[in-house]
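*Asks:* A single structure is presented below for examination.
No lab work stands behind these numbers, since they all come straight from the coordinates. What you see is a predicted model, and the numbers here were worked out from it, not measured in a lab. All Cβ positions, even for glycine, are placed from backbone atoms using ideal geometry, and neighbour counts span all protein chains on display.
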Amino acid sequence: MRRSPLFFCASALLLLFCFASPASALHVYCGAGMAKAFGEIAEAFTRETGIPVEVTYANAGQIQSQINTAQEGDLFIAGAEEELIPIKTWVLSSRGLVKHLPVLAVARGNPRHIRGLQDLKQEGIRVVLGDGKATPIGKVADKALAEAGLAEALNVVSRGVTAPSIVNALNVGECDAVIVWKENVSSAMEIVPDPALDAHAKIVPAASLSCSGDSEGRERLLEFLGSRTARTLWEKHGYTVLD
């Protein structure tokens, strides 16, 4: 039976479709404390565009080391703009996304009656802070405490390598107070307002990396990060979105 040219064209297109390679995944680095919010944003982006996103969540020091060593990746969602300095060789450009607000947090009900940073020096108060060398919230906490004259006055029982690990220390009763980002505060915790921390808000940037293997996909993700969908998801998780 003779087949028409149209049949062969359709067959060729079908074979091309069947054996076409799936879209390459974008590789994004993101601070571990932003995992919940950015995870939902990445999923929404994939649903809308069909472009998969692989995200590496870690503290800033770990991510900086990986970028400098592996020399690969498309975007870095950092906890603060300063965290781009150690990888400046690979940063093409950056844009601010949301604000990171540091807060003093205690267990729900505030059982130790902590009213501010100065109360952390009281006898018996156990504090957990972030790693002052590897994570932005640790650096912020150290600076705020030093300015308040508390650098050597606290009983710091441990240092967390990520914001979630700091929160977990309070949730399981390993300490009485922590300094974390506002959006990481859980329902089992409450915030103790202190003006000394208000001056240390940070901007979360999205940095485009020169080692990107998919500049077109990277730009589509950057555009999506400015969309109403992304804004709504950031706000859902307690972030203040930049105008």
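*Asks:* If I stretch the segment between Asn168 and Lys133 completely, what's the gain in nm (0.36 nm per residue apart, minus their alpha carbon distance), one decimal?
*Replies:* Gain on extension, Asn168 to Lys133, equals 10.6 nm.
*Asks:* Angle check, please: helix 136-147 long axis (alpha carbons) against the longest principal axis of the chain (alpha carbons), in degrees 0 to 90, nearest 10.
*Replies:* Computed tilt is about 20 degrees.
*Asks:* Moving on to the next point. Work out the P(r) tail for the chain: percent of alpha carbon pairs separated by more than 27 Å, whole number.
*Replies:* Of all Cα-Cα distances in the chain, 43 percent exceed 27 Å.
*Asks:* Treating cross-link reach as a plain straight distance, find the lysines whose alpha-carbon is under 24 Å from the alpha-carbon of Lys36, omitting any fewer than eight places away in the same chain.
*Replies:* Correct list for Lys36: Lys99, Lys133, Lys139, Lys182, Lys202, Lys236.
*Asks:* Using only the alpha-carbon atoms, how far is helix 5-19 inclined from the longest principal axis of the chain? Give it as 0 to 90 degrees, nearest 10.
*Replies:* Roughly 20 degrees between the two axes.
*Asks:* Return one number: the angle in degrees, 0 to 90 and rounded to the nearest 10, between the long axis of the Cα atoms of helix 60-70 and the longest principal axis of the Cα atoms of the chain.
*Replies:* Once rounded, the angle reads 40 degrees.
*Asks:* Would you calculate, for the chain, the mean residue ellipticity at 222 nm contributed by helices, counting each DSSP H stretch of 4 or more residues as -39,500 (n - 2.57) and dividing by all residues, to the nearest 500?
*Replies:* -10500 deg cm²/dmol
*Asks:* May I ask for the percentage of alpha-carbon pairs in segment 53-168 that lie more than 16 Å from each other?
*Replies:* Tail fraction, whole percent: 65.
*Asks:* Given R₀ = 25 Å, FRET efficiency for Ser187-Glu81 by Cβ-Cβ distance, to 0.05?
*Replies:* My answer for the efficiency is 0.25.
*Asks:* If I stretch the segment between Ser93 and Ala201 completely, what's the gain in nm (0.36 nm per residue apart, minus their alpha carbon distance), one decimal?
*Replies:* Contour length minus Cα-Cα distance gives 36.7 nm.
*Asks:* Based on Cα coordinates alone, diagonalise the gyration tensor for segment 102-198, multiply each eigenvalue by 5, take square roots, and list the semi-axes in whole Å, largest first.
*Replies:* For segment 102-198, the semi-axes come out at 16, 15, 13 Å.
*Asks:* Among Ser212, Pro86, Val172, pick out the residue whose Cα is farthest towards the positive end of the charge dipole of the chain, where Lys and Arg carry +1 and Asp and Glu carry -1 on C-beta, about the Cα centre.
*Replies:* Toward the positive end, the furthest listed residue is Ser212.
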